[in-house]
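A short worksheet on the structure shown next.
The values are calculated or read from the model by the stated rules, or taken from the named source; none is laboratory data. None of these values were measured; they are calculated from a predicted model. Note: ideal-geometry Cβ built from the backbone for every residue, glycine included; neighbour counts use all protein chains shown.
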Amino acid sequence: MSKAILTVDDSNSMRQMLAFILKGAGYQVVQASSSDEALSHAASRAFDMVLTDQNMPGGDGLALVCALRALPAYGDTPIIMLTTESSDEMKNKGRAAGATGWMVKPFDPNRLLEVVRKFVN
Amino acid sequence: MRTPSANYALPGTLGAIDALSEILSGVKRDVARSREVLNGAFGKIAARFAQVHAIAVAAEAREQGLSDEALRALRKVTDGLTIELQFEDSLSQLLDHVQGKVEAIGVALSETRTLVSAGQAGEGEPVGAALEVLARTVKSIQQAADAAVAERATACGSVELF
């Protein structure tokens with residue numbers, strides 16, 4: 001059974017790009033357009049990895065990381081921030097929140113898949 | 001002796017504020033229209049991209065009779081497009097910033113208008129308060145603009161694993 005990845009981004013285009021790449025590589029992809037939607041998906045099933053944007057209306061990515069880490073099933077799940085934010089300050093906040101890594105947009109599809117394979121396979 | 005309203009109740013002050021508000025409303029409509037155009041264009045491009053991407057995936061699975069060279073060329077195109085199509089996200093964020101600035105200026109104009117109107121009615125001395133509103137708005141817009149610039153300043157695609 002293919003590994004399942006939850007992608008969280010308020011941008012429809014980013015969700016589509018991620019879906020093309022990840023599905024093309026054989027992963028099962030569930031998309032969420034907000035932090036709340038992501039938490040709802042996360043509560044209903046387990047994912048092998050989460051890729052999340054930072055700046056989203058209604059709840060940012062760092063808060064989502066904290067909320068996911070508070071769920072027993074997501075204590076060790078790789079969570080990668082995928083965002084235009086690139087400052088060290090934000091990265092440190094990501095690390096403190098429990099994120100596994102930080103990837104700056106626009107992302108390179110091959111680099112993204114390398115990261116996904118490193119953690120998921 | 002100067003009346004309290006003499007400082008600011010110049011002929012046409014309220015008219016000028018109203019005219020600026022009208023212009024701002026036009027900018028808001030332009031931003032909304034730009035967003036519609038962007039979404040429409042991206043939707044069409046994304047649909048084309050999906051077709052090309054599906055061909056590339058099928059070819060890699062050997063469902064299409066493409067040579068290795070053609071396959072590599074196709075993969076290079078789809079990889080490039082995947083990066084380039086992310087322009088929509090950047091542009092959308094820029095439009096969000098423009099919209100935020102326009103809305104902040106709109107609020108400041110509205111507050112200024114209220115203060116000027118009150119002053120013309122002889123209620124209080126609004127010039128200082130109006131300037132304060134404008135200064136606060138400028139500062140807030142500048143801070144937001146600095147943050148937006150910082151977001152786009154770093155080279156794309158860097159990855160850091162913790």
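Here are the numbers:
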read-out	value
A:F107 of a type outside the set (D, E, K, R), under 19 Å from A:A25 (Cα atoms) and modelled with pLDDT of 90 or more	no
Single residue of the stretch A:5-24 satisfying the filter (buried (at least 17 other Cβ atoms within 10 Å of the Cβ) and over 22 Å from A:G58 (Cβ atoms)) that is modelled with the lowest pLDDT	A:G24
Residue in the stretch B:93-115 that is at pLDDT below 85 and in contact with a Pro (Cβ under 6 Å, 6 or more places away or on another chain) present	yes
Every residue from the stretch A:12-56 that is out of contact with any Leu (no Cβ under 7 Å at 6 or more places or on another chain), over 18 Å from A:Y74 (Cβ atoms) and among the small types (G, A, S)	A:A19, A:G24, A:G26, A:S33
Positions within the stretch A:63-84 being in contact with a helix residue (DSSP H, G or I) (Cβ under 7 Å, 6 or more places away or on another chain), farther than 11 Å from A:G98 by Cβ and either assigned to a helix (DSSP H, G or I) or of a type in the set (K, R) (or both), in sequence order	A:A63
Close pairs (8 angstrom Cβ cut-off, 6 or more residues apart or separate chains): free of Cβ contacts under 8 Å to residues at least 24 places away in the same chain and more than 10 Å from chain A (Cβ to nearest Cβ) in the stretch B:67-84, in a helix (DSSP H, G or I) and among the β-branched types (V, I, T) anywhere	B:L74/B:V52; B:L74/B:I55
Test: residue in the stretch B:108-117 that is in a helix (DSSP H, G or I), within 14 Å of chain A (Cβ to nearest Cβ) and surrounded by 15 or more Cβ atoms within 10 Å (Cβ to Cβ)	no
The stretch B:35-54, residues that are at the interface with another protein chain (Cβ under 10 Å from one of its Cβ atoms), more than 14 Å from B:D79 (Cα to Cα) and touching a Leu at 6+ places or on another chain (Cβ under 7 Å)	B:L38, B:I45
Where A:Q31 falls short, out of the listed (1) assigned to a helix (DSSP H, G or I); (2) more than 9 Å from every other protein chain (Cβ to nearest Cβ)	(1)
Long-range neighbours under 7 Å by Cβ, at least six apart or interchain, first residue without any contact (Cβ under 8 Å) to a residue 12 or more places away in the chain within the stretch B:35-55, second assigned to a helix (DSSP H, G or I)	B:A50/A:F20
Qualifying residue in the stretch A:61-81 (condition: touching a residue at least 60 places away in the same chain (Cβ under 8 Å) and either within 14 Å of chain B (Cβ to nearest Cβ) or under 13 Å from the mean Cα position of the chain (by Cα) (or both))	no
Meets criteria (within 13 Å of chain B (Cβ to nearest Cβ), more than 17 Å from B:L161 (Cβ to Cβ) and touching a helix residue (DSSP H, G or I) at 6+ places or on another chain (Cβ under 8 Å)) for A:M17	yes
Residue in the stretch A:36-45 that is touching a residue at least 40 places away in the same chain (Cβ under 8 Å), more than 12 Å from the chain's Cα centre (by Cα) and within 14 Å of chain B (Cβ to nearest Cβ) present	no
The stretch B:54-95, residues that are outside any helix (DSSP H, G or I) and buried (at least 17 other Cβ atoms within 10 Å of the Cβ)	B:L66, B:L85, B:Q86
